[in-house]
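Asker: For reference, the structure I am asking about is given below.
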Amino acid sequence: VRELTAVFPTLTIFVQDAPSFPAKLPNVQDDTELAESYRREIEIVPTLIRLDDGGVENGRLQGWNKQQWRAFTQQPALGEQLPDHRPGCGSKSLEPGIAEKLAVKFGGAKTTARQIELGTLEDEIEACYARGWSDGLPVVPPTPERVIRMLGGTQRNPQEVIGLVPPNRAECTVEKIAINAVLAGCLPDYLPVVIAAVEAALMDEFCMHGLLATTYFSGPMVVVNGPIAQRIGMNSGGNALGQGNRANATIGRALQLVIRNVGGGRPGGVDRAALGNPGKYTFCFAEAEADSPWQSLAVERGFTPEQSTVTLFAGDGVQGMFDQQSRTPESLAKSFATCLQSVALPIIGMAADAFLIVSPEHARIFAEASWSKARLKEELNQLSLRPGSEMVRGAGGIAEGIPLQFESATAVPKFRPGGLNIVHAGGKAGMFSAIVGGWVASGERGSVPVTAVVKQ
């Protein structure tokens, strides 16, 4: 540097650590705030930048390479006592957590949402509780830096309006979704999936307002298909419906927080669930597609395997079922059908849809017999038929049931046409599958499963 200042008297030196180093040199500028480093997009220290007469950059070098610096500066004897090559150090402007702060401070990156100023002694976590932003569990405070970092996960305009969130029909932007994704603990890579989940929830066919207001158990169940599930590390295997995976846990939670914080849907308010279910914190998993014997849920619904999608279902809690003895598809299908009868109430038909989540060990039995998913659905629907006389109100001394007008029906379906869905997920050891019953207002008069494509 001393050699260069002797040749180039207008050379300006920006220092990230302390302006006293290097000592006794002219034009040393204090860049400990990293303003110039941010604006110049410095990645490596040292970086040598050449400007033309108009102050426009027309060349730069990163790190130290003796021959390159000599050619760049046209000083053939530059750095004679220095080694031939040293890679340099990473710029302080790229240290973890710094880039977003610099973007806010120097780059003009701003959030448009109203900012809340906390008191000096106010705890951030408790402040989120006090303001009603939490679902009952601790949330991550959505600072501007965290929100900007989250928005880096999508190419969509932060001010793009996704729709009106019930029950208050409040306008929801990408930025507002990002804020709630921060609260939920998402990584930026998850944001496109969260946005797709919100888009699906706002489809008229899903009836999010009605689902929120029902006294029944149901809430959104999120099923992710396509390449993005693996890319962001979602769990489709062991414990896929349980705890332990950040993507599964926080994507579903972010959707629920959008409904709460943007739309105003809160328990005790419009949310009138008599009991609810733990899935109303979060209920999200990926389908295990790689080793599935069947088409994925998304492909069944008309999408390609290359598309990443999010499917929402108005689901209750998980009902486990086991059959460790069946070795034929006929026997195992009968076990499934028997358990499926319990959705909502065994003597109720065509009221609630259902998802059957088939584990790999159970799926293998059907695969070995070359049963397609369509054949299994057809078998289950046939096995679930019951005479109307056994299902009408008053039959067997039970006041609940289907209307008396169906008493003469010889075969009443358990599910409406298309109301039974099958996905493949779970650990490879254990002959256990699961049933997720649906809202008793399933179908066109209530809610149907909906799918949205994940857009970057």
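Asker: I need the calculated FRET efficiency for the pair L385 and T304, taking r as the beta carbon distance and R₀ as 45 Å, to the nearest 0.05.
Answerer: Using R0 = 45 Å, I get an efficiency of 0.85.
Asker: Quick one: if you stick a label point 7 Å off each Cα along the C-beta vector at A411 and K110, how many nm between them?
Answerer: Using points 7 Å along Cα→Cβ, the separation is 6.7 nm.
Asker: Can you grab the distance from the C-alpha centre of the range 66-88 to the C-alpha centre of the range 405-452, Å, no decimals?
Answerer: 72 Å
Asker: In whole Å, what is the distance between the alpha-carbon centres of the range 251-315 and the range 172-217?
Answerer: Here the two parts' Cα centres lie 9 Å apart.
Asker: Got a sec? Which residues in the range 85-107 would a label at T12 touch, if it sits 7 Å along Cα→Cβ and we count backbone N under 15 Å?
Answerer: none
Asker: For K105, which aspartates and glutamates qualify as cross-link partners when the Cα separation must be under 13 Å and same-chain residues fewer than eight apart are set aside?
Answerer: In chain and number order, the partners are E33, E36, E145.
Asker: Quick one: accessible area per residue over the range 347-456, 1.4 Å probe, rounded to a whole number of Å²?
Answerer: About 43 Å² of surface per residue is accessible.
Asker: What's the Kirkwood radius of the range 197-278 in Å, using all Cα pairs?
Answerer: When all Cα pairs of the range 197-278 are included, the Kirkwood radius is 13.9 Å.
Asker: Follow-up question, since we're still on this one. So if we plug the beta-carbon distance of E33 and Q456 into 1/(1 + (r/R0)^6) with R0 = 30 Å, what FRET efficiency do we get, rounded to 0.05?
Answerer: So, using R0 = 30 Å, E works out to roughly 0.35.
Asker: For L25 and E126 in the same chain, what is the full-extension length gain: residue separation times 0.36 nm, less their Cα-Cα distance, in nm?
Answerer: Numbers: separation 101, 0.36 × 101 = 36.36 nm, distance 5.05 nm.
Residue separation times 0.36 nm, minus the Cα-Cα distance, leaves 31.3 nm.
Asker: Still on this structure, please answer the following. If the viscosity is 1.306 mPa s and the temperature 10 °C, what translational diffusion coefficient in µm²/s does Stokes-Einstein give for the range 386-456 when Rh comes from Kirkwood over Cα pairs?
Answerer: Answer from the Stokes-Einstein relation: 102 µm²/s.
Asker: So if the hydrodynamic radius of the chain is defined as the Kirkwood radius over C-alpha pairs, what does Stokes-Einstein give as its diffusion coefficient at 20 °C and 1.002 mPa s, in µm² per second?
Answerer: Values: Rh = 25.8 Å.
The estimated diffusion coefficient comes to 83 µm²/s.
Asker: Given R₀ = 25 Å, what would the calculated FRET efficiency be for Q243 paired with E361, taking r from the Cβ atoms and rounding to 0.05?
Answerer: 0.70
Asker: Continuing with the same structure: Counting other Cβ atoms within 10 Å, keep those with at most 13, restrict to DSSP loop, and tell me which GluC sites (Glu not before Pro) in the range 275-309 are left.
Answerer: Passing sites in the range 275-309 are E306.
Asker: Here's another thing I want to ask about it. What aspartates and glutamates could a cross-link reach from K280, if we take a straight Cα to Cα line under 19 Å and drop same-chain neighbours fewer than 8 places away?
Answerer: Answer for K280, where 19 Å is the Cα cut-off: D135, E199, D271, D316, D353, listed by chain and number.
Asker: If you count, for each residue, the other Cβ atoms within 10 Å and average over each peptide, how do 375-382, 445-452 line up from highest to lowest?
Answerer: Working: 375-382: 16.9, 445-452: 20.6.
Sorting 375-382, 445-452 by mean packing, highest first, produces 445-452, 375-382.
Asker: Further question: Sequence neighbours fewer than 8 away in the same chain don't count; with that in mind, list the aspartates and glutamates whose C-alpha is under 13 Å from K373.
Answerer: Straight-distance partners of K373: E300.
Asker: Taking amide H atoms as placed 1.01 Å from N in the peptide plane, list the residues 5 or more away in sequence, or in a different chain, whose amide H sits under 5 Å from that of I13.
Answerer: V28, Q29
Asker: Compute the Rg to Rh ratio over the range 1-56 from the alpha carbon atoms, using the Kirkwood formula for Rh, and round to two decimal places.
Answerer: In the range 1-56, Rg relative to Rh is 0.94.
Asker: Treating the angle as unsigned and between 0 and 90°, give the value, to the nearest 10°, between the Cα long axis of helix 191-201 and the longest Cα principal axis of the chain.
Answerer: 30 degrees
The values are calculated or read from the model by the stated rules, or taken from the named source; none is laboratory data. Everything numeric here is computed off the predicted structure, so don't read it as measured data. Reconstructed Cβ throughout: ideal geometry from the backbone, glycine too, with neighbour counts over all protein chains shown. In case anyone asks, the SASA skips ligands and DNA or RNA and just uses the protein heavy atoms, side chains included. Shrake-Rupley method; radii C 1.70, N 1.55, O 1.52, S 1.80 Å.
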